[in-house]
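Enquirer: Handing you this structure, nothing more for now.
Bear in mind these aren't lab numbers, they're just calculated from the coordinates by the rules spelled out. On a predicted model such as this, the values are computed, not experimentally measured, just so you know. Because the Cβ atoms are built from the backbone with ideal geometry, glycine has one as well, and the counts that use them run over all protein chains shown.
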Amino acid sequence: MKLVIQIPCYNEEEHLPLTLANMPRQIEGIDEIVVLIIDDGSRDRTVEVARKWSRENDFPLAIAQHTRNRGLASAFQTGLNAALALDADIIVNTDADNQYPSEAIPDLVRPILNREADLVIADRQTDLIEHFSPVKKLFQRWGSSAVRIFSGSEVPDAPSGFRAFSREAALNMNMVTRYTYTIETIFQASKKNFAITSIPILTNPKTRESRLVKGVWNYVKRMGATIVRVYAMHEPLKAFFYFSLPFFIVAALGIGRFLLLGILEPRVGTLGHIQSLVLSGTALSVATLIMLVGLVADLIGNCRRLIEDALLRVRKMELEMNKQRERECEMLEEIRALRSELLPQRPSLNGNGHLKYSHSEEIKTEKKL
């Protein structure tokens, strides 16, 4: 069982050592632990710091790099792909600013090891975080409640980035949004019927300001847009029905008012209250168009699910091909070692007239391979 701990980094030279300091070396049920640094276009010594820590602590390290900064969601997806290429059975994602306690990683992966969950999200218990303002705590609760309602999950702290994925869950993750991965992964895991659970943790003291949250209102606006976009992508028919519902209500009330007044005032007849009928007809037309768009979006969503299934198969095939290539390389190395031991050496004369031995036949054979 192999665990890969991925850490997206952008100019984290100062704080990365704190995050790496308490990385677990052994976890019951885990045979191998590797730290994966995703360098998202850093301009400082983030990579050098990670390599120095790896050498000094004799800890396995892998690095995936972007040539320029692409954002948190893109770095997260790169990390998943790299971790899967490393043949990870479990993937833990944590932040480089030491917000999350590395000591909690064994507890985070335990439900996956016990086959109780495919996705485990740490609950930061935001009400206990001292540097969170009351307004931020309130919006955190509201945002998590919205995610629970629309995704159908029971995640108490949806924006938490400290989470663990099983291999199968990671293979099924496809990031579409560019702002953050936290909401979208919950929706995808829930809609694909993966088991999701949470564990409570206590966060470390604050080391720097968040680069993702540039003001409470900006964060609320962007997270709200993300929730709406992701929900519309996964449940398009329901989403567009909700969008059309106000127009249907206006149309029903207007038409009902027109008919009721037509019955109560027979002398006026159909010539009276024509404005209500025009307004109602317009609202009904808009509602119908929205529902038709929802129907088309639902059909597109079915195609998207087929594409995701095909992408999942392609990913699995690529990983199997990589394993096969590694096995072939290992076999070639063994064959070369055997040939070097078994092939007879050819004697020849050197410049001094003495005998010397060469492996010319062996070298030619290696080039052919």
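Enquirer: Assigning unit charges at the beta carbon (Lys, Arg +1; Asp, Glu -1) and nothing else, what dipole magnitude in debye, to the nearest 20, does the chain show about its Cα centre?
Expert: 1220 debye
Enquirer: How large is the direction-averaged shadow of the alpha-carbon convex hull of the chain, in nm²? Working shown, then result.
Expert: Details: hull surface 114.8 nm².
Average projection, Cα convex hull of the chain: 28.7 nm².
Enquirer: When the chain is treated as a GNM, springs tying every alpha-carbon pair under 10 Å, which of Met173, Met331, Met291 comes out with the largest mean-square fluctuation?
Expert: Met331
Enquirer: DSSP loop trypsin sites (Lys or Arg not before Pro) in the range 111-155 with at most 14 other Cβ atoms within 10 Å of their Cβ, which ones?
Expert: Numbers: sites: Arg115, Arg124, Lys136, Lys137, Arg141, Arg148; in loops: Arg115, Arg124.
For trypsin sites (Lys or Arg not before Pro) across the range 111-155 that sit outside H, G, I, E and B with at most 14 neighbouring Cβ atoms in 10 Å, the list reads Arg115.
Enquirer: Taking the chain as a Gaussian network, where each spring joins two C-alpha atoms under 10 Å apart, which residue of Gly152, Gly262, Gly29 fluctuates the most?
Expert: Taking springs between Cα atoms under 10 Å, the residue moving most is Gly262.
Enquirer: Okay, moving on. With +1 on the Cβ of every Lys and Arg and -1 on the Cβ of every Asp and Glu, and nothing else charged, how large is the dipole of the range 92-144 about its Cα centre, in debye rounded to the nearest 20? The partial results should precede the final answer.
Expert: Numbers: 6 positive and 9 negative charges, 42 e Å.
Roughly 200 debye, rounded to the nearest 20.
Enquirer: Ok, one more. Pairs of alpha-carbon atoms within less than 8 angstrom and 6+ residues apart define the contacts here; what relative contact order does the chain have, in percent?
Expert: Details: 533 pairs, mean separation 50.6, N = 369.
Once divided by the residue count of the chain, the mean separation gives 14 percent.
Enquirer: Given a Förster radius of 51 Å and the C-beta distance between Glu334 and Glu154 as r, what FRET efficiency does 1/(1 + (r/R0)^6) yield to the nearest 0.05?
Expert: 0.50
Enquirer: Are any of the pairs Lys52/Lys221; Lys136/Lys316; Lys206/Lys323; Lys137/Lys191; Lys206/Lys316 more than 30 Å apart by Cα-Cα distance, and if so, which? Display every interim value, and only then the final one.
Expert: On the way: Lys52/Lys221 40 Å; Lys136/Lys316 41 Å; Lys206/Lys323 41 Å; Lys137/Lys191 27 Å; Lys206/Lys316 39 Å.
Long pairs (Cα-Cα over 30 Å): Lys52/Lys221; Lys136/Lys316; Lys206/Lys323; Lys206/Lys316.
Enquirer: Continuing with the same structure: Would you calculate, for the chain, the mean residue ellipticity at 222 nm contributed by helices, counting each DSSP H stretch of 4 or more residues as -39,500 (n - 2.57) and dividing by all residues, to the nearest 500? Mind dumping the intermediate values first?
Expert: Values: 11 runs with 200 residues, N = 369.
For the chain, the value works out to -18500 deg cm²/dmol.
Enquirer: Cut-off 10 angstrom, C-alpha nodes, Gaussian network model of the chain. Which of Glu318, Glu334, Glu103 fluctuates the most?
Expert: Answer for the Gaussian network model of the chain: Glu334.
Enquirer: Now for a different question. Would you be so kind as to identify all helices of the chain, as entire DSSP H runs, whose Cα atoms reach 24 Å or more along the helix's own axis and whose mean Kyte-Doolittle hydropathy is at least 1.6?
Expert: Helices passing the filter in the chain: 236-264.
Enquirer: Given a Förster radius of 25 Å and the C-beta distance between Leu295 and Asn174 as r, what FRET efficiency does 1/(1 + (r/R0)^6) yield to the nearest 0.05? Mind dumping the intermediate values first?
Expert: Details: r = 24 Å, r/R0 = 0.95.
According to the calculation, E is roughly 0.60.
Enquirer: Among 234-241, 158-165, 217-224, how do they line up from the highest to the lowest mean number of other beta-carbon atoms within 10 Å? Kindly include the intermediate steps, with their values, before the conclusion.
Expert: Details: 234-241: 19.0, 158-165: 24.2, 217-224: 15.2.
Peptide ranking by packing, descending: 158-165, 234-241, 217-224.
Enquirer: A follow-up question, please. Compute, for the range 162-313, the length of the dipole vector about the Cα centre, with Cβ point charges of +1 (Lys, Arg) and -1 (Asp, Glu) only. Units Debye, rounded to 20.
Expert: Numbers: 18 positive and 8 negative charges, 135 e Å.
Value, rounded to 20: 660 debye.
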